[in-house]
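All remarks here apply to the structure that follows.
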Amino acid sequence: MQAAEDAGPSDAVDFVLENVDLAFANSLRRVMMADLPTVAIDLVQFLENTSVLPDEYIAHRLGLIPLVSANCDEAIRYTRDCTCLRGCSFCSVTLELNVKCEDDTTMEVTSNHLEVVPYVNDDDVDTIDNGDEIAKRSPNFGWPVGKSDDSVPPILIGKIRKGQHIHVRCTAKKGIAKEHAKWSPCSAVSFEYDPHNKLRHTSYWFEQDIKDEWPLSENAKEEEPPRDDEPFDFNAKPNKFYFNVETDGSLGPQEVVMKGLAELQTKLANLILGLKNPDADMDGAGGGAPTWEGAPAGPPTGGGGWGGAPGGGGGGAWGGSASPSRAWGASPRGAGGAASTTAGTSAWGGSTAAWSSSGTSPANSAGAASGGASGWGAGSNAGWGSPAQQTSGWNV
Ligand SMILES: [Zn+2]
């Protein structure tokens, strides 16, 4: 990464990523969008709703309100990883909305009416493993973004007239956007490359003159414009990417970029570790059974398609912990939970035996598997675990 600088509002950042390929840049973009945990309202209990809005409508809008989630990695745990029975202050934040319209004008119910309240179910707190999560929270952790800042307009939840009353209790939980978009810290992540279109990845439509009709972006100043007589380079590849990351305020943009890089690194390290030693617990943090296929199976339907069984914690598709951020469900093969939970049928290497935990290396165990010839586990001379790749430095 070459440079990082503030651009415009404090919830956005621009930077240039250089000397990587397009796939890497896109991986970073996707990790920042979908793999970083935040807190969001996940459970809404309606005590009173005499407004014209249905309960489901209000619950949906409450879920989408960004909540301050700074240091979410350490400041709160996933409910499924917690030892409590019904939710506790270590794994959730409780908010209450209690608004009644008393006068003749229409009243706007906004995110500023949401109040964080002490957790009501902490009666079984003795059974909970005490952690230091709460000490790592900022004072406004779990508050709606902008509640403490008069310059930020609140988010409208609904409107009520005289006599109408909305009283709800909400439980906010930690999650990632692979499970539901409400947990995404980003409102937009984009990158541009090749602003002069030298690579001709884009075909511009134009009437008279392409240069007049297609204005160059700001990023074009960073690169040499092509000469008119310059021959087209068929082998050129993009290697400079102009990122723009904008968050919804739940996390700061710097935190999103840094945590995104760390998360990507963790994913790649886990992949390499898993390929080197399929019997090891790839998550390193305990959780599921330390095998590729021996993990407790998620729902037979595949538990939402991402394989991480995010809601139920039925074990990662790759046998890691139930944490979606560490789960292997979003496999590079695109095999969702469905493939993995049915004993790994054709998930990797096209055979149930290809990646089974038989105690041998993936390359060797796959060698005997029928149908595994073209997969990752194919033959002992190919693939990540093979001697050929080890000598060429793939297996670090
Ligand atoms: Zn808990």
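Throughout, read-outs are computed from the coordinates displayed, never taken from laboratory work. Predicted model, so just to flag it, every value in this text is computed and none were measured. All Cβ positions, glycine included, derive from the backbone under ideal geometry; neighbour counts span all protein chains shown.
Report the FRET efficiency, 1/(1 + (r/R0)^6), for Asn140 and Ala181, where r is their Cβ-Cβ distance and R0 is 25 Å, rounded to 0.05. The value I calculate is 0.60. Our estimate of slack between Ala188 and Trp214, defined as 0.36 nm per intervening residue step minus the Cα-Cα distance, is 7.0 nm.
Rank the residues Trp183, Trp214, Trp143, Trp205 as a footprinting-exposure proxy: fewest other Cβ atoms within 10 Å of their Cβ go first. Kindly include the intermediate steps, with their values, before the conclusion.
On the way: Trp183 27, Trp214 13, Trp143 19, Trp205 7.
If I rank by nearby Cβ atoms, fewest first, I get Trp205, Trp214, Trp143, Trp183.
Calculated FRET efficiency, Met258 to Glu96, Cβ-Cβ distance, R0 = 35 Å: about 0.55 to the nearest 0.05.
Counting other beta carbons within 10 Å of each residue's own, what order do Val116, Val16, Val145 fall into, fewest first? Mind showing how you got there, number by number?
Numbers: Val116 19, Val16 16, Val145 22.
Listed from fewest to most nearby Cβ atoms, that is Val16, Val116, Val145.
Between Tyr57 and Lys162, the simple label model (points 7 Å from Cα in the Cβ direction) yields a spacing of 2.2 nm.
Karplus-derived 3J(HN,Hα) values for segment 218-224, using 6.51 cos²θ - 1.76 cosθ + 1.60 with θ = phi - 60°, are 4, 5, 4, 5, 7, 10, 5 Hz; glycine and proline are entered as x. Take the Cα of Asp279, step 7 Å toward its Cβ, do the same at Arg86, and the gap between the two points is 4.5 nm. For segment 33-50, putting each phi into the Karplus relation 6.51 cos²θ - 1.76 cosθ + 1.60 with θ = phi - 60° gives couplings of 6, 10, 10, 9, x, 9, 10, 8, 5, 10, 9, 10, 9, 8, 8, 7, 8, 10 Hz, in residue order, rounded to whole numbers and with x for Gly and Pro. For segment 218-285, the square roots of the Cα gyration tensor eigenvalues, ordered a ≥ b ≥ c, give a/c of at least 1.5 with a/b no greater than b/c, which places it in the oblate category.
Residues whose amide H comes within less than 5 Å of that of Phe90, counting only those at least five positions distant or on another chain, are absent (H built at 1.01 Å from N in the peptide plane).
Could you give the length gained on full extension between Ala12 and Gln265, defined as 0.36 nm per residue of separation minus the Cα-Cα distance, in nm? Let's see the in-between values first.
On the way: separation 253, 0.36 × 253 = 91.08 nm, distance 2.27 nm.
My answer for the length gained is 88.8 nm.
A 23 angstrom limit on the alpha carbon distance is what I want to check against. Which of Lys182/Lys240; Lys147/Lys267; Lys147/Lys173; Lys237/Lys259 exceed it? Please report the intermediate quantities before stating the final value.
Numbers: Lys182/Lys240 31 Å; Lys147/Lys267 35 Å; Lys147/Lys173 19 Å; Lys237/Lys259 27 Å.
Listed pairs above 23 Å: Lys182/Lys240; Lys147/Lys267; Lys237/Lys259.
The order of the peptides 95-104, 226-235 by mean Cβ neighbours within 10 Å, most packed first, is 95-104, 226-235. Taking 0.36 nm per residue of separation and subtracting the Cα-Cα distance, full extension of the segment from Glu115 to Ser151 would add 11.1 nm. Taking amide H positions as modeled 1.01 Å from N, with prolines and chain starts lacking one, the residues under 5 Å from Ser187 and 5 or more places away or on another chain are Glu246, Thr247, Asp248. Here the Karplus relation 6.51 cos²θ - 1.76 cosθ + 1.60, evaluated at θ = phi - 60°, turns the backbone of segment 67-78 into coupling constants of 10, 4, 10, 3, 6, 4, 3, 9, 8, 7, 10, 5 Hz, with x for every Gly and Pro.
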